[in-house]
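The numbers here are math on the coordinates, done by the rules we state, and not lab data. Predicted model only: the values in this text are computed from it and were never measured. Cβ placement follows ideal geometry from the backbone for every residue including glycine, while neighbour counts extend to all protein chains displayed.
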Amino acid sequence: MSYLWVCMLALSLFCGLLHGSADLGRAAMDGAGKAVTLCVSLTGSLCLWSGFAAVLERSGLQAGLSRLLAPVLGRLYPTARRDEATMGALSGNVTANLLGLGSAATPLGIEAVRRMQAQSGSDAASDEMCRLVVMNTASIQLLPTTVAALRGSLGAASPFDILPAVWVTSLLSVSAGLLAADLFRRVSGGPGDGRSKREEVRGMN
Amino acid sequence: MLIPGLLLAVSALALGRRVDVYDALLTGGKRGLELVKAILPALVMLLTAVELLRASGATEALTRLLAPAAVWLGIPPETLALVLIRPLSGSAALAVGADLMAVHGPDSLIGRTAAIMLGSTETTFYTISVYFAAAGVKKTRYAIPAALIADLTGFVAASLTARYLPS
């Protein structure tokens with residue numbers, strides 16, 4: 001992050017000198033001010049949706065959805081399925097992501113990867129770990145509340161009307177990621193887990 | 001109608017299960033406030049950088065440089081900065097996305113594309129490093145390329161859905 005910061009500043013200064021016209025001091029102050037305005041206008045809807053997230057959690061709706069998803073996820077994670085705690089953390093992670101509970105998703109995901117690692121005992125990522133990470137980086141979210149809050153604060157007519165587009169896009173990107181992972185798995189062969197791989201293929205079919 | 005309906009449905013269901021709904025809302029709301037507090041300093045620094053990059057003409061130069069590749073993929077060149085920063089930093093992406101929406105308007109094609117990109121992708125490198133570091137996994141094998149393919153698909157798909165999907 002620090003490198004990124006220095007690079008951005010250096011690039012701005014370099015281009016500014018090249019063009020020579022811009023008042024960069026003014027721009028810096030403007031940017032800083034805008035951030036505060038943005039945060040203030042975001043606060044309302046972020047609080048509302050965090051409250052909503054807490055209701056989802058406490059009402060047991062999250063746990064219910066997680067149980068509902070477990071059989072589907074079991075097909076994607078045949079090795080993890082053998083251990084109930086791993087599977088619990090895994091489906092909890094996916095559910096929390098779906099519901100936009102980012103702060104709940106990360107610890108559950110870490111727990112799942114930890115348990116998978118303990119099972120494999122290797123310092124190389126297993127195929128299922130890669131799959132889990134791809135599912136997390138591709139972000140499948142039913143309610144992208146932060147973006148909707150952002151749109152609302154900037155005066156969008158209907159902040160949530162991007163929902164269908166977000167769903168289609170997420171679905172496409174997750175599918176592409178999982179397909180790519182599968183392709184890489186077949187090509188790479190993988191270090192020393194040939195056996196579990198054969199079982200995995202069987203599980204997938 | 002969808003959003004208030006959803007709020008009502010979940011609240012009523014929780015009430016039916018004897019959950020103190022209002023207390024949950026307030027506790028969660030406090031978490032939202034903490035979230036804002038946590039991202040404010042990052043947003044200040046990054047929006048400053050975004051503004052500097054734009055005022056200096058760096059954003060424009062970069063956009064012009066990479067525009068042919070973006071056009072070939074069907075991605076609006078204006079969103080290139082967002083595409084480049086998204087996998088690296090969540091708060092920087094939020095800053096760039098907010099800037100795009102403010103400049104072009106949240107309901108413009110560019111603004112919608114930026115919003116869909118933000119909503120359907122994640123901070124790939126951060127996520128991978130957190131998950132694997134926590135589990136002591138050193139060889140990430142194909143996790144990064146696969147995740148980046150997912151991201152790229154997401155960016156292209158966001159450009160398509162923003163243009164062609166009726167809202």
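In straight Cα distance, which aspartates and glutamates are under 19 Å from B:Lys30, not counting same-chain residues fewer than 8 positions off?
A:Glu57, B:Asp20
Go ahead and run the numbers for FRET between B:Arg31 and A:Trp5, Cβ-Cβ distance against an R0 of 35 Å, rounding to 0.05. Let's see the in-between values first.
Numbers: r = 28 Å, r/R0 = 0.79.
Computed FRET efficiency for B:Arg31 and A:Trp5 comes out at 0.80.
If one takes the longest principal axis of the Cα atoms in chain A, at what angle in degrees, from 0 to 90 and to the nearest 10, does the Cα axis of helix A:127-137 lie?
30 degrees
For chain A, what's the relative contact order in percent, using C-alpha pairs closer than 8 Å and at least 6 residues apart? Display every interim value, and only then the final one.
Numbers: 143 pairs, mean separation 40.7, N = 205.
Relative contact order comes out at 20 percent.
Report the residue, chosen from B:Arg18, B:Arg54, B:Arg141, that carries the largest GNM mean-square fluctuation when chain B is represented by alpha-carbon nodes joined by springs under 10 Å.
In this elastic network of chain B, the residue with the biggest mean-square fluctuation among B:Arg18, B:Arg54, B:Arg141 is B:Arg18.
Mind checking A:60-71 for the average number of partner chain beta-carbons within 10 Å of each residue's beta-carbon?
Working: counts 4, 6, 0, 0, 1, 0, 0, 0, 0, 0, 0, 0.
What the average comes to for A:60-71 is 1.
With angles folded into 0 to 90 degrees, how steeply does helix A:102-120 sit against the dominant principal axis of chain A? Use alpha carbons for both and round to 10.
Roughly 40 degrees between the two axes.
Give me the extension gain from A:Leu69 to A:Thr37: residue separation times 0.36 nm, minus the current Cα-Cα distance, reported in nm with one decimal. Intermediate results must be reported in sequence, preceding the final value.
Values: separation 32, 0.36 × 32 = 11.52 nm, distance 4.00 nm.
Extra length available between A:Leu69 and A:Thr37 comes to 7.5 nm.
Considering only B:Val96, B:Val44, B:Val21, give the residue with the highest GNM mean-square fluctuation for chain B, with springs between Cα atoms whenever their separation is below 10 Å.
B:Val21
Less than 13 Å Cβ to Cβ from A:Gly64, Lys/Arg counted +1 and Asp/Glu -1: what total charge do the surrounding residues give? All intermediate terms of the calculation are to be shown ahead of the outcome.
Working: positive: A:Arg58, A:Arg67, B:Arg17; negative: A:Glu57.
Its environment carries a net charge of +2.
What helices does chain B have that are whole DSSP H segments, at least 20 Å long along their own axis by Cα, and with mean Kyte-Doolittle hydropathy of -0.5 or more? Kindly include the intermediate steps, with their values, before the conclusion.
Values: long enough: B:2-16 (21 Å, 2.25); B:21-55 (47 Å, 1.07); B:58-73 (22 Å, 1.03); B:90-104 (21 Å, 1.24); B:143-164 (31 Å, 1.20).
Those that pass (Cα extent of 20 Å or more, hydropathy at least -0.5) are B:2-16, B:21-55, B:58-73, B:90-104, B:143-164.
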